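The values are calculated or read from the model by the stated rules, or taken from the named source; none is laboratory data. Keep in mind the model is a prediction, meaning the values are calculated, not measured. So basically every Cβ, Gly included, is an ideal-geometry build from the backbone, and we count neighbours across all protein chains shown. The area values use the complete protein model at the heavy-atom level, side chains included, leaving out ligands, DNA and RNA. Shrake-Rupley method; radii C 1.70, N 1.55, O 1.52, S 1.80 Å.
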Amino acid sequence: MSGQYQVKHKAVELFFKKAQVGHYVLSPDGEKLGYLARDQQGRMQAFVSHDNIPNPSTDKQLTRFVDQDLDYYLWLDNHHIGYLQDKNGDENFHLYAVDINSGLKTNLTPYENTRAANIQRVKNQPGQIHLLLNKQNKSHFLQYSINIKTKKLTSEYSLNDTLWAPIYDDNGNARIKVRWHPNDDNKFEKLEYHYRGPNDLTFRPFVTLNNGTVFSVIKFNDDKNEMIVRTNHRSNTTRVVKFNTDTFAMTPIISRAGYDILSAGVLPNDTQLSWVYYQRDKGVLLPLSQQAKELDQVITEKFSRHYRITSLSDDGKILLLSDKSPQRPGRYAKLDTSTLSITTLPNAYPWLNDIPLAEVKTVQFMTRDGRRLNGLLTMPNNAKKPIPVVIHPHGGPFGVLDKWEYNPETQLLASQGYGVLQINYRGSGGYGRSFVAAGFHQFGTGSMQHDITDGVEWLIKQGIADPKRVMIYGASYGGYATLAGLTFTPDLYACGVDYVGISNLHTFLMNMDESWGMGREFWLENVGNPYTDIKKLKEISPYYHVDKIKAPLFVAQGAQDPRVKQQESDQIVNALRKRGVEVKYMLKQDEGHGFDKEENQQHFYDEMIDFLASCPANNRI
């Protein structure tokens, strides 16, 4: 227990008690192991082990948070870890450095109303890091560098520079920059990429891409005059290619029909592409180099078939692995590549070791217009069909996807006897740019919501779902989809839970925080403009159609949320209460876009379990 909250449901404590120990990260030299662990008050803190054998009772504790947990950290060099901290979810993150020997903590970005993001250490310049800050203009994140020892902050470019957004090599040298490239109608919708060799002084243009095109450098292979890049340039799906840095000719390396390459890597001792990952079925990590294939054989035999490499030393000698299987949460191991020995690390959730977790199946179904969609179906153990089902649309929505891996929310719901369907509806990532674009302008009464509705109908036709006990729960965009489901298909759902969701697209788009930057322009172009599309936005905003909502509703919101602001929850709750409809409303003053503190998470899920259990059968269907 933390924050003096007493959990009501044992299942909530099982699935929403933060990890005992976990988030292991190797130091660059591989000699030290950082990790997060619970302190005596139940808060997550950073620790460091000097012998790579984690033991919170004897290892040095580097942080001492009282009112919040530490969820993320990284190594800044071999002697410092860094972490981001905001105030109660306002997302104005400051970057702190902690000396692992002295314990001295330093705020490296002590600027008000400024967010630090995209922290990157310079591999071959220890103590030097790159990061983005919206210090000069809240809507523009610009590149800076910081020297940890001197604390000196240096701007890498200004708003007046013609080339910006540098991509660095391991020596900290900017090798690629971009600038806007106007169309024939003088609209800036393309980016012109410029390249500079390791010994060059000037940049040369080499490719022009539509804004939003994926372009991620995996490795500058200067010995071969090439760079390996993950991109969807000239392709519907994201693939891996190589550019000749003399001629700029592009040659495909690997692609997967119908699937994006979501990540790829080159192991330190490889000069060619080592592995790629894509989301077919349960997810595929495909080894490509001889070294990666040999390691894959060892890992799959001794650890798991469904592993990911989560951290590695700079020399590639030590790898950290995690098991992504939905029924085996919190399993980690360390691989010594020189001896091929695997050492198991302490489990993050030892209290789940003897709990029979629910099976998660990959499913497909056809929509009303003949499109095949992918999804995940979590079924409670020993279920007798038909069963009550919770539809759980993911947030985002664009480019996000639900993956076959451990999910405490779906396991909690399954433990209470609910099946859970997660749908990668149109607009989700992983299936190519055309699949994302298929979700543009399709909110509410369009195909994105139809996909969710069609998933419900499929479950009912399969005899899986009890049509009178279908519920819907989602967060962020998933919260909007929940409200849209209750509004535009009012006879389909028995009840709904809206967690930090959008109720009014007009006010949401009008009040977008400046820090959205270009993200705001993307939403205005692909969802609607709050100045010119008012009629359309009102047509697809649940707030303007509250008279259609018939099912019970539970709303949860963080008061500090900078993305979906409190107004979005307040107005739907107030509108329903004016109609005499009782709405359960949980507002946390010390939270932002989703609850982060363990006690608040547990309170929310306790109340959600009670709400769903009290939900009356839907006699409208």
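Laid out as a table, the results:
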| quantity | calculated |
| --- | --- |
| Cβ-Cβ FRET estimate between Leu104 and Ser263, R0 fixed at 25 Å, reported to 0.05 | 0.10 |
| Accessible-area composition of the stretch 468-527, carbon plus sulfur, in percent [1.4 Å probe] | 55 |
| Neighbour-limited loop hits for trypsin sites (Lys or Arg not before Pro), the stretch 162-264 (at most 12 other Cβ within 10 Å; DSSP other than H, G, I, E, B) | Lys187, Arg234 |
| Furthest towards positive pole of dipole, Thr154, Leu587, Phe365, structure part the chain, Cβ charges | Phe365 |
| Chain lengthening between Lys550 and Lys151 when straightened (0.36 nm per residue, less Cα-Cα) | 137.9 nm |
| Heavy atoms of Ser341 accessible to a 1.4 Å probe, total area in Å² rounded to 10 | 50 |
| Protection-proxy order for peptides 326-335, 85-94, 509-518, each taking the mean of Cβ atoms within 10 Å per residue, highest first | 326-335, 85-94, 509-518 |
| Student exercise, the chain dipole from Lys, Arg, Asp, Glu Cβ charges, in Debye to nearest 20 | 1000 |
| Where labels lie 7 Å past Cα in the beta-carbon direction, separation of Asn199 and Thr162 in nm | 2.7 |
| Estimated inter-spin distance, Glu582 and Lys123, nm [label 7 Å along Cα→Cβ] | 6.1 |
| The stretch 451-482-the stretch 205-265 distance, computed between alpha-carbon centres (Å) | 38 |
| Exposure rank, largest accessible area first [Tyr425, Tyr431; 1.4 Å] | Tyr431, Tyr425 |
| Accessible area in square angstrom per residue, the stretch 442-579, 1.4 angstrom probe | 34 |
| Dipole magnitude (debye, nearest 20) for the stretch 262-337, charges at Cβ of Lys, Arg, Asp, Glu | 400 |
| Calculated percent of Cα pairs over 46 Å apart (choose from (i) 31; (ii) 44; (iii) 15), label | (iii) |
| Gain in span if fully extended, Phe440 to Asp222, counting 0.36 nm per residue against the direct Cα distance | 74.5 nm |
| Inter-label distance, nm, simple model (7 Å from Cα along the C-beta direction), Val66/Gln462 | 5.1 |
| Hypothetical label at Asp610: residues of the stretch 374-413 whose amide nitrogen lies under 18 Å (7 Å Cα-Cβ projection) | 413 |
| Helix-derived mean residue ellipticity, 222 nm - over the chain, DSSP H n ≥ 4, -39500 (n - 2.57), to 500 | -5000 deg cm²/dmol |
| Euclidean distance between Cα centres, the stretch 347-384 to the stretch 544-621, Å | 25 |
| Rg/Rh (Cα only; Kirkwood hydrodynamic radius) as it applies to the stretch 463-621 | 0.98 |
| Calculated FRET value between Asn211 and Gln327, using beta carbons and R₀ = 35 Å, to 0.05 | 0.25 |
| Two-decimal ratio, the stretch 267-364, of alpha-carbon radius of gyration to 2.2 N^0.38 Å | 1.15 |
| Förster radius 60 Å - calculated FRET efficiency between Tyr5 and Ala249 (Cβ-Cβ, nearest 0.05) | 0.50 |
| Cα pair distances exceeding 22 angstrom across the stretch 149-306, given as percent | 51 |
| Relative contact order for the stretch 17-64, counting Cα pairs under 8 Å that sit 6 or more residues apart, in percent | 28 |
| Calculated SAXS-style log₁₀ I(q)/I(0) at q = 0.22, 0.25 Å⁻¹ - the stretch 1-83, Debye, Cα scatterers | -1.00, -1.20 |
| Using alpha carbons only: equivalent-ellipsoid semi-axes of the stretch 343-409, gyration tensor based, whole Å | 28, 18, 11 |
| Of every Cα-Cα pair in the stretch 450-508, the percent that sits beyond 20 Å | 24 |
| For the stretch 66-161, average projected area of the Cα convex hull in nm² | 6.7 |
| Value of relative contact order over the stretch 333-417, rounded to a whole percent, pairs C-alpha under 8 Å and six or more apart | 24 |
| Added length on full extension, which subtracts the Cα-Cα distance from 0.36 nm per residue, His50 to Lys302 | 88.2 nm |
